[in-house]
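Report on the following structure.
The values are calculated or read from the model by the stated rules, or taken from the named source; none is laboratory data. Bear in mind the structure is a predicted one, so any value in this text is a computation, not a measurement. FYI the Cβ positions are ideal-geometry reconstructions off the backbone, even for glycines, and counts take in every protein chain you see.
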Amino acid sequence: MATVRQLSYYGRIQKRRRCAVAALLKAPHRKGVVSKVGTTTPKKPNSAKRKFAKVRILVSNKVVFCHIPGTGPYFIQEYSVVLVEGGNPPDVPGINYTLIRGVYDFDQPEIFIRKNRRSKFGTRWVVTTEKDRAKFDAKRTRVLPNVKSEKKDKNASVDMVTNKNDSENA
């Protein structure tokens, strides 16, 4: 316990927190070059093959290990240019970064058909049902109303709008 005299001289010192994603230099994403691709196994209760890439960040010139997200083949190899973000698989120690799919050389989409979180994995929207097909067609071809407006008259204060019925009667 510090005395009042010690506190008046030195004060209380806050603990400095370590930055978990220091290699990104306070940016959300950074470009990097892959130097190695491999697989590793997770910690004790889990069992799988986790894919990772050893990446050199171009701006900070630091080497980090990144998780390769998604299922299926990933088509990146040595000297591939990738985009790196913070975030890790919690059961693999030492891997604190994640690659972003759909950018630079990591542009191959997943074979797995995703409906949710597609932007995270670089996947396009896939039409699978008739309901989806109707929604897709409605978005692609917007139906515009068939109303024509006449030019404004200088003296008139109200716009003149003609309907279909008026044009047929004339």
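Tabulated results
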item	result
Where residue 88 falls short, out of the listed (1) modelled with pLDDT under 90; (2) within 13 Å of residue 55 (Cα to Cα)	(2)
Hey, residue 108 of a type in the set (S, T, N, Q), within 21 Å of residue 34 (Cβ to Cβ) and either modelled with pLDDT under 85 or outside any loop (DSSP other than H, G, I, E, B) (or both) or not	yes
Which numbered condition residue 101 fails, given (1) crowded, with 18+ Cβ neighbours inside 10 Å; (2) of a type outside the set (S, T, N, Q); (3) modelled with pLDDT of 90 or more	(3)
Filtered residues of segment 46-59 (kept if touching a strand residue (DSSP E or B) at 6+ places or on another chain (Cβ under 7 Å) and in contact (Cβ under 8 Å) with a residue 40 or more places away in the chain)	50, 52, 53, 55
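Residues are listed down the side, and each one gets a yes or a no for (1) out of contact with any His (no Cβ under 7 Å at 6 or more places or on another chain); (2) loosely packed, with under 12 Cβ neighbours inside 10 Å; (3) touching a residue at least 60 places away in the same chain (Cβ under 8 Å):
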| site | (1), (2), (3) |
| --- | --- |
| 5 | yes, yes, no |
| 9 | yes, yes, no |
| 16 | yes, yes, no |
| 19 | yes, yes, no |
| 29 | yes, no, yes |
| 32 | yes, no, no |
| 35 | yes, no, no |
| 44 | yes, yes, no |
